[in-house]
Every structure is written in structure tokens, then in C-alpha cells.
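The values are calculated or read from the model by the stated rules, or taken from the named source; none is laboratory data. Values in this document were obtained by computation on a predicted structure and should not be read as measured data. Here the Cβ positions follow ideal geometry from the backbone for every residue, glycine too, while neighbour counts run over all protein chains shown. Ligands, DNA and RNA are stripped out before the accessible areas are found, and what is left, the full protein with its side chains, is counted by its heavy atoms. Shrake-Rupley method; radii C 1.70, N 1.55, O 1.52, S 1.80 Å.
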Amino acid sequence: MSSPPRFFRDSSPAGAPGYKRSQFTYRHLAQLASSSSTCPLRVVSHIDLDCFYAQVEMVRLGIPEDKPLAVQQWQGLIAVNYPARAFGIGRHCTVTEARQLCPDLIAQHVATWREGDENFAYRPDAAEHIATDKVSLDPYRLECRRILAVIKDHLPARLQKVEKASIDEVFVDLSAHVYEILLERFPELARPPPYDDPSEQLPMPPLSALDWQADALVDLDSEQAELDDPDWDDVTILIGSEIVRNVRAAIKEKLHYTCSAGVAKNKLLSKLGSAHKKPNQQTVIRNRAVQHFLSEFKFTKIRNLGGKLGEEISRVFNTELVSELLSVPIEQLKSRLGDDTSVWVYNTIRGIDTSEVNPRTQIKSMLSAKSFRPSIDSREQATKWLRIFAADIFSRLVEEGVLENKRRPKSANLHFRQGAAGGGQTRSRQMSIPQGKPIDEEMLFEIAKTLLCQIAQEGRVWPCSNLSLSIGGFEDGITGNMGIGAFLVKGPEAQVLKATTRSAFEPGGAGDTVQPPEKRRRTDEGGIQRFLTKREANREADARLGSDVAAPRGGASSGSEHMPGVTVRPSGPHHQAPVAAHLCSRCPAGFASPEESREHQDWHFAKDLHEQERVGLALVSREPAAASSSHTGTMRSAAAPPKRGVGRPKKTERGQSKLNFG
Ligand code: CTP
Ligand code: CA
Ligand code: CA
């Protein structure tokens, strides 16, 4: 645990000799208290687990921190720990290639469901059973929930605002919490503003050392900026950083996982910060450092600028660098990109992002799928998979609080792709999930069988190359923010969960878990990325139909994870997704054709830009331009392996030695 920094207790009083005012006002302070997303003193953190699946396996199996380990899915790797990355091993490697680089590598296969079995398990022979197994990510989901519980436990319940952004990361809006601490340390800030005028500027913070402890402080672009007196935004971000350091220490202490964090004024920057230095570090991007920090990035590495839009911008303006794009006036951007897009781009490269941290995670649909290579040709075989899909989806429903009736799906859909691998017609059937009685695995299985029966009755449907069961149209049982209770499964829920996850944690299990990297990555993305190109939208629609095909390096894929952007979403307005052939991932709309769906996505895209609401999910590659030459656009490139060992002391950042004013 860190000790708080030492401050002088008094701020310079108004009217004192050399009196200088803060650039912030009493109104800004009030905005901080209410976690306003436009508050210039705002503090947001992004916390991301280091090599998450790999750490889960290391902790589960009791493997020492310095041993190289990778998580295997079929012949590919889906997570690589930092000691293994030091050998040049990354997600791009096959198991064989990885072993050539590091013969001592521990390759742990993910847990799998097996055709005919009712539980997933770690199996020593999973890699050879691509045809009969389906990966299970439940062990990681369970750990994710435990981590969330620790985070929430550590923050005052009435002030916390935590958004689960993916299986291994959260955004935390720390503003209200920081405000409380700020007032404790500087009671003079609690006094009413002079003349009761909230637009009055605050007194300056005391000139004392800001103790950044072990934070990685992003450099500033000029020595002068470092010499400028610290203002209240430096102080709030420092307090935020202390909180985050303690949260990270609690995760390490209680669950033995390390994570990295970014602390900044918004989601966009904090997300960039958490990826900036890994593993087991936290990066602080003070407001005064934002421009310098961003200018080191290629804008094409900013996720929402990584696709067609980024390509278009680099073509039109003949540069990929944020630093060069910064000099392009807004009018010029507008003339080439249109008004809304330009405003968004203009703001993003300046680190401006007012998107909210949404405490509720809205799952809109869930899908469990399997592609068959070779295809299957009987109802009996298909039924065995339906049993697995039902179990898989049910365990995720448990997680969603369905047993406490917090949220409940209304409809189920079965997709059936006829024919040999890759081709063929897709048939689907949908039905309502009976309301008024508890959903259980058996009920889902019965529904799935009924739907299969309806499809089979059409005649001449076999063989089948892909089968998927999805549920959607979630309705809320309880409104309001989720407390810790939503993550800590209790009573009967716990029983079910235990039954469905037990095998994954049994000692002596040999496997690990996996998901196709492509899919995982898209799940992580979210934001407007999915709507940037028609092709993207189409791919999503495809995936929703269960057309999960290529896994990394020839592995079969399993669509067992929540569909990217579809199932796990930040809240905002409450959406419900009916199960239809082409579902909108943003609202309840469903469409008969991919064209209609794409048009609709374009509309969302335009609307997004306009409202600038969701853009804060802009996720960016962590490498600054200079370090990313061999980078191919994936987010956590293994091409730049970090140093061996976790949490070794690092050299002092420039800003750390410079912020001493005491
Ligand atoms: N994941 C995946 N396929 C991808 C990306 C991620 O299966 N293409 C899974 C990984 O197994 C990973 C988890 O999702 O452990 C979180 O992903 P991410 O945070 O991107 O990477 P980490 O493995 O956690 O590594 P890092 O330390 O760089 O965050
Ligand atoms: Ca991670
Ligand atoms: Ca992540």
C-alpha cells in the first residue's frame, strides 16, 4: 500500500502576495463531485490484466511467475505470458514454432466441451479433438468476475463507477472518489466560492512535491511545461493514481494477478495508458502531457482509425502520424471527410473524449456455435451439440443474474448451415422462450431440439457444416447500477455455477482455454469500429449467424464467446436484441437482408459520430510509432517482447524528477 503524498495543508489564499489563480473554478469542482464527463478535472482509469488467460492458467496450476507459458487453442496460441514473450513468442506462433523458440515453454490447452459430455473440462488430448471439442472460456469469465468483485470491494460503493470493457479490462471513473479525498486533504476547497459565484477560480494548489511513486509518467514535450506550477488537475490525477495503485495491489494480494493501468482524464487516454507500459505498471497521462503522448502515435494505430477511415485519412492527407494530422485545420478535414467524422477525428487526435463510463454491462444476445470439419450428417450428432450449447449459454446466463431474474432473454434462435464446409444455405428457426417459469439448461435444450426438429422437417437438410444457438431480447428485471452482488454469485446461483465450472479448476487437469484470436480481438473492440466499413458490418452479421470459420493457424473455431460487440455492451440506453436473421448490435432492430442491416449500421455510425458518445471506446495500439515498425495492427503485438520478469523496477520517468516544487 502506498502512503499518500505529502502536501502542505494550505493553498495560497486569495489576495496573498504572489497570488495566482488556478485555471479551474468552483464549478469544475462541483462537476468532479458529480462525475461529469466534461469536467476538466475528471479522472478515469483503465485497468487491463496482463496476459490474462496465461495468468489464469499460471495461478490455477501454481506455475512460478518466471516460467514461460502460453495458452493453446488447437495448434494456435491465444495468450502468451511475459517470460515467453521474451523468447519472441506471440499469438502469431503455432505451438510448434513456439517450442522451437523456447523448448521449455509450457503450453496449456484451454478447457473444452466435448461432444456428448455435459461439462467442460481441461483435457490432455484437447488439441487433437478439434472435431469433437469446443473451447470453453468459463474459467476466464469466472476469474474476471472475481477480479471485478475485488475492484468493486475496494472502492466506496456509493462513489463507484466501474464498466467492464472486456473479459480482462475495466474502466473506472474515479472522479467522485477523488473529489472526496481532495476535500479531505484540502478542506479549504469545501468553503463556498467567493461571492458565491461558482465561476470564481480556485486558489492554486500548494507548491509541494507531487509524489508519483512508481507511476510511469508520460513525458512532456517541453521542459517548460514541467516547470509550470501544478494545478488541480495534476492533483486529482495523482489522487486517482494512488487509488488505482491500491486497487492493483489488492488484486495481486487477493487473487495473485498483475495488471496494468492507465490514469488520465478520459477513456480514450486511459486505455492508451494501460497498454503503454506492461506488465504490472501504471501510466499516468497528465493533461499537460496529453499532446506529447498522442503525437508519438500513428493515428492508424488508434483502433477506430485503423480501418477504412484511417486509410482514407492517410491517403488524403498523405501521413499516418498524429503529429502531422494535428496541423490540419478543421475546415480542411471537413472538406474531405464531412462534418461529423472530422469533428470526431479532430477531437480524438487531441485526446478529447467525453464518453461516459457505463457501470452496467448490457448483454444483448448470446451465441454458442460450432463449425464442423468434416460436416455432420445426423440429428443425433447435432443433438449432442445442442446439449453443449444449452449448457454453455446457461452458464453465461447464470453470470448475467438470470437466476435472480435480473435479466432474461425472450427468444431463441437456431441457425443451421447446410452443406459441406464453407458453403451451403443457412436455415434458421426462432421461438419465444416461455416466460413465467425459470429458465434452466433443460429448457434451453428442449427449445433447441424443437428448433432443430423444425429445420429437419424441411427435408434434405443434411449434412450440416455449422450449427449455432443464440438467445436475445434481454429484458431487465431490476434497474439501477450493479453492486458487488451482481458479480458475487450466491445461493442457488453459486451451486449452478459450481457445477458448470468445477471441472475447470480441478487439480491435475491438463488443458487450458481458448478462443480464436480474431474473434477475441473483435470482442475487445466495441465502439464505432464495427460500423466503420460495410465489410466490417457484414462480417459481424456473418458471425452472428454462426459462420465462425477460420481459427488461427488452421484451428477450428468455436463461437462460444459472446459475439463481438453484440453480447457485451456498455449500457447507455437500454437495448434489446430480438433474435432475427440480421440483428443490430446497437438497438432492437432486426433485418431480413445483410444490405438492410448494413444501411442501418451506417446510420448508427453517423449518429455515433454526431453524438460523440461512444467514441471514447476508441481503442488504440499501445506502441508509439517509433516502436511499431513490425506491428501489423493487432493490439498487443508480441513483436516487441517486454523484458523478462514481472514488475521489475524501471528507470525514473522524466516528469517524476521534474515535479518537485516543495
Ligand atoms: N484474446 C484472444 N485473442 C485475441 C486477443 C485476446 O483470445 N486476439 C484473449 C487472450 O487470451 C487474452 C485476453 O483475451 O489473455 C485478453 O486480451 P488482451 O488484453 O488483448 O491480451 P493479454 O493476453 O491480456 O495480454 P496483455 O498483457 O498485452 O494485455
Ligand atoms: Ca490484457
Ligand atoms: Ca484487454
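Net charge within 11 Å of TYR346 by Cβ-Cβ distance, Lys/Arg positive one each and Asp/Glu negative one each, not counting TYR346 itself? Display every interim value, and only then the final one.
Details: positive: LYS334, ARG350; negative: GLU331, ASP339, ASP340.
Spelling it out: positives minus negatives among the neighbours equals -1.
Sequence gap at least 6, Cα distance under 8 Å: using those rules, report the relative contact order of the range 365-476 to the nearest whole percent.
Values: 206 pairs, mean separation 51.3, N = 112.
Dividing the mean separation by the residue count of the range 365-476 yields 46 percent.
With a bin width of 5 angstrom, please list the P(r) values of the range 365-476 as percents of all Cα-Cα pairs, from the 0 bin to the one holding the largest distance.
2, 13, 25, 24, 16, 11, 6, 3, 0
In units of 2.2 N^0.38 Å, what is the alpha-carbon radius of gyration of the range 49-141? Working shown, then result.
Values: Rg = 12.9 Å, N = 93, 2.2 N^0.38 = 12.3 Å.
Normalised Cα radius of gyration, the range 49-141: 1.05.
I want the local charge near THR450. Using Cβ-Cβ distances under 13 Å, sum +1 for each Lys or Arg and -1 for each Asp or Glu among the other residues.
Working: positive: ARG379, ARG429, LYS449; negative: GLU442, GLU446.
Net local charge, THR450 excluded: +1.
Where the convex hull is taken over the Cα atoms of the range 206-261, what is its projected area averaged over directions, in nm²?
Working: hull surface 17.7 nm².
Directional mean of the projected Cα hull area for the range 206-261 stands at 4.4 nm².
Using a 1.4 angstrom probe, figure out how much accessible area the range 192-303 has per residue, in square angstrom, rounded to the nearest whole. If you can, show how the numbers build up before the last one.
Working: 3200 Å² over 112 residues.
That works out to 29 Å² for each residue.
As a quick test, which of the pairs LYS161/LYS364; LYS152/LYS267; LYS152/LYS277; LYS298/LYS370 have an alpha carbon distance above 28 angstrom in this structure? Could the numbers behind the result be given before it?
Details: LYS161/LYS364 21 Å; LYS152/LYS267 18 Å; LYS152/LYS277 24 Å; LYS298/LYS370 37 Å.
The pairs that break the limit, which is 28 Å between Cα atoms, are LYS298/LYS370.
Which whole-angstrom value gives the distance between the alpha carbon centres of the range 188-232 and the range 235-249?
The range 188-232 and the range 235-249 have Cα centres separated by 16 Å.
In what sequence, highest mean first, do 83-94, 236-247 appear when ranked by Cβ atoms within 10 angstrom? Before the final figure, lay out the partial values.
Values: 83-94: 22.0, 236-247: 24.2.
Going by the mean number of other Cβ atoms within 10 Å, highest first, we get 236-247, 83-94.
Which value, in debye to the nearest 20, gives the size of the charge dipole of the range 124-171 about its Cα centre, when Lys and Arg are +1 and Asp and Glu are -1 at the Cβ? Numbers along the way, then the final one.
Numbers: 8 positive and 9 negative charges, 106 e Å.
That gives a dipole near 500 debye.
How much of the accessible area of the range 365-476, probe 1.4 Å, is carbon plus sulfur, in whole percent?
Numbers: 1870 of 4060 Å².
Here carbon and sulfur together make up 46 percent of the probe-accessible area.
What is the distance in Å between the Cα centres of the range 88-140 and the range 322-368?
38 Å
What distance in nm lies between label points placed 7 Å from Cα along the C-beta direction at ARG27 and ASP196?
Label at ARG27, label at ASP196, 1.7 nm between them.
For the range 365-476, with every protein chain kept in place, what is the accessible area per residue (1.4 Å probe, Å²)?
Details: 4060 Å² over 112 residues.
With the other protein chains kept in place, the range 365-476 gives 36 Å² per residue.
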